[in-house]
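In what follows, a single structure is set out as structure tokens and then discussed.
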Amino acid sequence: MVSAQWLSNSSAFSARVSAAFTGALNTLSRPEHARRLRLILICLLACWAAVALTRLIWALVPSKEPAATTAPAVINPVASGSSARDAVSVDIDSMVAWHLFGEAGATAVAMPLPEEAAQANSRVGIEDGAEETRLQLTLRGVVSSTEDGLGFAIIENSGQQDVYAVEDKLPVPGEVVLAKVMPRQVVLDNGGTYELLVLYEESSMGASGAAVPAATNTPEPPEQVDRREDPETTNLAQSYRERLYQNPQSLADVVSISAVREGSSMVGYRVSPGKDAEQFKQLGFEAGDVVTAINGVSLDNPTNTMVLYNSLRTAADVVFELQRGDQQLSLSVNLDAGASQ
């Protein structure tokens, strides 16, 4: 009975709700009611838009921060200092004796700059194992020298003397600079190879410090053969250099080269004419000449050939040191540094 009554009441309630909803729809479907409803909705949307626009404007306008009215609370307050009896006394006189900022009246010691110290270290021991140079230079005197190898030296070349400092280029073919100055000798940097130019040689009384000039034991200078002013020789030398770097095998038609040894040590290279003997003589060579050095670089070490190969690319001239029988010759030829490589 209770269930049937409850179902009856539910059905009646649903019917009433449906009837009310249907009546509301019929009412709203009327034109005058629909216009009122649209007007109300438009007014509500306009009010909402005005409120949103006002909030946006106030959000963009900067406002001043309110000043703090009360001091912030300190969570862990700092404890008060110790009493006067806990203070440690300071010995002022002892601190002054430390000379933290230098001693008053003391002589200032000049500290070398990093670049100067690096250059000084680069000259340490470069004379060890260096051989005497074959360049036609004469060391006439040492003006001054320091422990780190700096100084000035008087060097003679082709009868002309001049004073040179460390890192100065010397007036000889190739990249030769003065690398180090010592009391009795200087060190030359010849294209990356260190060579010695000696002023004095110790005599048999070297234990007592006596010394004699090296010139007393210096052999006679080689005969000078200068072809640098001959334009035909210059053009021929230029063409040989171009062939050396463009087609080295083509030089076999011009000159024949063979190594010369004395025992187990190498002396140099013997040169002989190829197909064109006239060009060979035009350069100043003769059949059987032994080339012992080029631009001061000795040919007794095969590793020096790469140094020569690189240096001859930009050399303005070239000096061959020759052994012709028992005679020593120095042959100079112009390469014209402005020529195309």
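The values are calculated or read from the model by the stated rules, or taken from the named source; none is laboratory data. Given the structure is predicted, the values throughout are model-derived calculations rather than measurements. As a convention, Cβ positions derive from the backbone with ideal geometry for all residues, glycine included, and neighbour counts pool all protein chains shown.
Table: residues versus (1) modelled with pLDDT under 85; (2) closer than 20 Å to S122 by Cβ; (3) out of contact with any Gly (no Cβ under 8 Å at 6 or more places or on another chain).
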position	(1), (2), (3)
T138	no, no, yes
V143	yes, no, no
D148	yes, yes, yes
G151	yes, yes, yes
I155	no, no, yes
S158	yes, no, yes
Q161	yes, no, yes
D168	no, yes, yes
G192	yes, yes, yes
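Looking only at region 169-195, residues that are at negative phi and surrounded by fewer than 14 Cβ atoms within 10 Å (Cβ to Cβ) come to 3 in all.
The numbered conditions (1) touching a strand residue (DSSP E or B) at 6+ places or on another chain (Cβ under 7 Å); (2) loosely packed, with under 14 Cβ neighbours inside 10 Å; (3) closer than 20 Å to A316 by Cα are all true for S258 except (3). Scanning region 143-168 for residues that are surrounded by fewer than 13 Cβ atoms within 10 Å (Cβ to Cβ) and among the polar types (S, T, N, Q) gives S144, T146, S158, Q160, Q161. In this entry, D336 is excluded by the filter for residues that are in contact with a strand residue (DSSP E or B) (Cβ under 7 Å, 6 or more places away or on another chain), at pLDDT below 85 and part of a loop (DSSP other than H, G, I, E, B). Within 18 Å of N235 (Cβ to Cβ), touching a Gly at 6+ places or on another chain (Cβ under 9 Å) and exposed (fewer than 15 other Cβ atoms within 10 Å of the Cβ) - does that describe any residue in region 298-317? Yes, the conditions are met somewhere in region 298-317.
So how many residues does region 132-158 have that are in a loop (DSSP other than H, G, I, E, B) and under 28 Å from D300 (Cα atoms)? Qualifying residue count for the region: 6.
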